[in-house]
């Protein structure tokens, strides 16, 4: 019997999505290539240059450097690694807001740096005063998040960049999820807005590419130099990636998605996703739940644990914030119909059929 | 214009290959899944358990633990990380033979451990006396290679395991490339042959799965415990992988390849590849080149740099050992016809058309 992957029609928890058809087609075509070996697979290496050029265009980066990583975790680890190598101290510390992704804890563990976690303010963004009082001469890196995993918030990026500069630290922006929707908002988040050194921006999240296609960008080529390891028996001279063999499918898929969707396709998707998030937030609020307003297409609400468990038992793929709130990510595959069906299930569970559910996406 | 990946018909340098048709089909089907998020994608998580069980069967591991990694580099980094975490010293060292893959240098750099590189003997295998005199109380890990990248040699695994045990160090076997052919040889290389703690064995190399499908195996589940990082907002409790989001395509593809090919398909492929390697070695020897005998399907020979460059200019994807020898990896896509055509090009270049080229695969 052939095992099938489950469909996406009940997935509300993932920051990945169904790849765009063009992205899927490119991934399938480049399945048997390895950008980790440019001497053997030059075509996919050329495609990777194109991917980085397009990511540069998205993020206001004039001479983009970087590579397509396995995902945001690798990109974040590499940003911390760059900062550690460039720091002039043997006891470097890294500052992240508590809204930072858990991959920074993994990075700190792997790389042996001291992770200093600072609180967020009442808007769920990095508390600038807390960051200011936390940095010191041993600070190698300050991290800002542009689209947090739990609430989709964007930290005050220009201000964080100034704080990093004030102590001669590097500045990294984690836009792994947010990077492909933020160009259509008023947020200040990218290389053009602040003195950003490195950035994580994942085509395989809101970029609608196939996994694995994370993105690590750097202000300039020389930022990546500290990562280079010599590569005998490859007809290239060095390798700056964390992994060795890499997926050509991810690279080709990222290029195909961006060629098709940037900018209008992404703009239209952002508008749809954001409207869906607002619809869901409204529906949840009407039912009496405390809702964290979706400033990007991500909704959190204080649905009780028993209700959460019952929704999961009905097949909904949902997840929670660290403080236990229901968390729904309005990815491209999440339609208004799905959300209406989700709310209908919630109503049945809570036996509150009084509020009508509409479906008009 | 649609960019196409180059064909495999001139690729002699890669340790990856065209995926088996069943592996390709499974990869395409599971392209939009993420085993890094088991709460959302439970089907691919079940497939990953199956992949590890099958890798256990291949490697004499009764209660297999591990996961499908992005590739051998990640698996090797993780093995070094496990050893560092378990070592009772703050200045751990790791012993590798000079034939070890460059990913161990990357691991040492990332993880801040002292890498001690010991020479190989006249058979290109780890020199046991050198290893014995190099280990000490700070040794966290001894590495043996089962199928070296340059010459396809298998280190004396049981003896290396004993040396590791004598200083209470962990023992890792890098069988990234060799693991899928060694079951059909007389070599002693796996968990059943020695006190191996961790192993790298990559389905996307000789296992004929699609990239990215590396393999990290561990003697038991508890070996992986030191890698675990808490995972808020995923409905699973912790994550032992180096990357976060991972490719379900790689996982599904590894299972499909092993279900189809283990053991008879792999045995037949090994016999074909080994015969091809011996044919090539013989052809090169007849032409007066010094050849390193292929004990596994990998041939090295001292072809001059100018000839090497001319062959690359003719489109052959070939690479060199650290000392400059031509290196040809007889992967499943490498046919006798390809090798005959390669030798014919070599003859034309060297203007030595006197030795007849036969093609009888």
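One residue stands out in segment B:216-231 among those that are more than 10 Å from residue B:78 (Cβ to Cβ) and away from every other protein chain (no Cβ under 12 Å): the one that is surrounded by the most Cβ atoms within 10 Å (Cβ to Cβ), namely B:217.
The rows are residues; the columns are (1) free of Cβ contacts under 8 Å to residues at least 60 places away in the same chain; (2) closer than 25 Å to residue A:85 by Cα; (3) buried (at least 24 other Cβ atoms within 10 Å of the Cβ).
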position: A:120; (1), (2), (3): yes, no, no
position: A:123; (1), (2), (3): yes, no, no
position: A:133; (1), (2), (3): yes, yes, no
position: A:142; (1), (2), (3): yes, yes, yes
position: A:149; (1), (2), (3): no, no, yes
position: A:155; (1), (2), (3): yes, no, yes
position: A:171; (1), (2), (3): yes, yes, yes
position: A:184; (1), (2), (3): no, no, no
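Would you point out the residue of segment A:285-330, among those that are within 13 Å of chain B (Cβ to nearest Cβ), touching a helix residue (DSSP H, G or I) at 6+ places or on another chain (Cβ under 7 Å) and in contact (Cβ under 8 Å) with a residue 60 or more places away in the chain, that is farthest from residue A:101 (Cα to Cα)? By that ranking, first place goes to A:316. Looking at segment A:195-210, which of the residues that are away from every other protein chain (no Cβ under 14 Å) and crowded, with 22+ Cβ neighbours inside 10 Å is nearest to residue A:157 (Cα to Cα)? So the residue we want is A:196. Filtered by the rule that a residue be over 24 Å from residue B:332 (Cα atoms) and more than 7 Å from every other protein chain (Cβ to nearest Cβ), segment B:18-40 gives B:35, B:36, B:38. Consider segment B:326-338 and keep the residues that are buried (at least 21 other Cβ atoms within 10 Å of the Cβ) and under 20 Å from the mean Cα position of the chain (by Cα). The one that is farthest from residue B:19 (Cα to Cα) is B:326. Scanning segment B:234-249 for residues that are in a loop (DSSP other than H, G, I, E, B) and surrounded by fewer than 19 Cβ atoms within 10 Å (Cβ to Cβ) returns B:235, B:236, B:237.
Would a scan of segment A:76-92 turn up a residue that is within 7 Å of chain B (Cβ to nearest Cβ) and modelled with pLDDT of 95 or more? Yes, because at least one residue in segment A:76-92 is within 7 Å of chain B (Cβ to nearest Cβ) and modelled with pLDDT of 95 or more.
Given the criteria under 30 Å from residue A:48 (Cα atoms), in a loop (DSSP other than H, G, I, E, B) and in contact (Cβ under 8 Å) with a residue 24 or more places away in the chain, does residue A:258 qualify? Considered against the rule, which asks whether it is under 30 Å from residue A:48 (Cα atoms), in a loop (DSSP other than H, G, I, E, B) and in contact (Cβ under 8 Å) with a residue 24 or more places away in the chain, residue A:258 comes out as no. Going through (1) buried (at least 24 other Cβ atoms within 10 Å of the Cβ); (2) within 9 Å of chain A (Cβ to nearest Cβ); (3) in contact with a strand residue (DSSP E or B) (Cβ under 7 Å, 6 or more places away or on another chain); (4) within 20 Å of residue B:143 (Cα to Cα) one by one, residue B:102 falls short only on (1).
Cβ separations smaller than 6 Å between residues 6+ apart or across chains give the following pairs from segment B:234-253 residues that are assigned by TED's automatic domain parsing to the domain that holds residue B:25 to residues that are surrounded by fewer than 24 Cβ atoms within 10 Å (Cβ to Cβ) and in a helix (DSSP H, G or I): B:240/B:224; B:240/B:227; B:251/B:48.
Residues of segment A:48-75 that are crowded, with 19+ Cβ neighbours inside 10 Å and within 14 Å of chain B (Cβ to nearest Cβ): A:48, A:51, A:67, A:68, A:69, A:70, A:71, A:72, A:73, A:74, A:75. When residue A:237 is tested against (1) more than 10 Å from chain B (Cβ to nearest Cβ); (2) at pLDDT 95 or above; (3) closer than 22 Å to residue B:70 by Cα, only condition (2) is not met.
Residue B:322 passes every criterion in (1) at pLDDT below 95; (2) under 23 Å from residue B:7 (Cβ atoms) apart from (2).
Taking segment A:262-361 and the helices (runs of 4 or more DSSP H) fully enclosed by it, the elements with 1 or more residues that are touching a strand residue (DSSP E or B) at 6+ places or on another chain (Cβ under 7 Å) are at A:264-286, A:305-313.
The values are calculated or read from the model by the stated rules, or taken from the named source; none is laboratory data. Everything numeric here is computed off the predicted structure, so don't read it as measured data. Cβ sites come from the backbone with ideal geometry, for glycine too, and all protein chains shown count toward neighbours.
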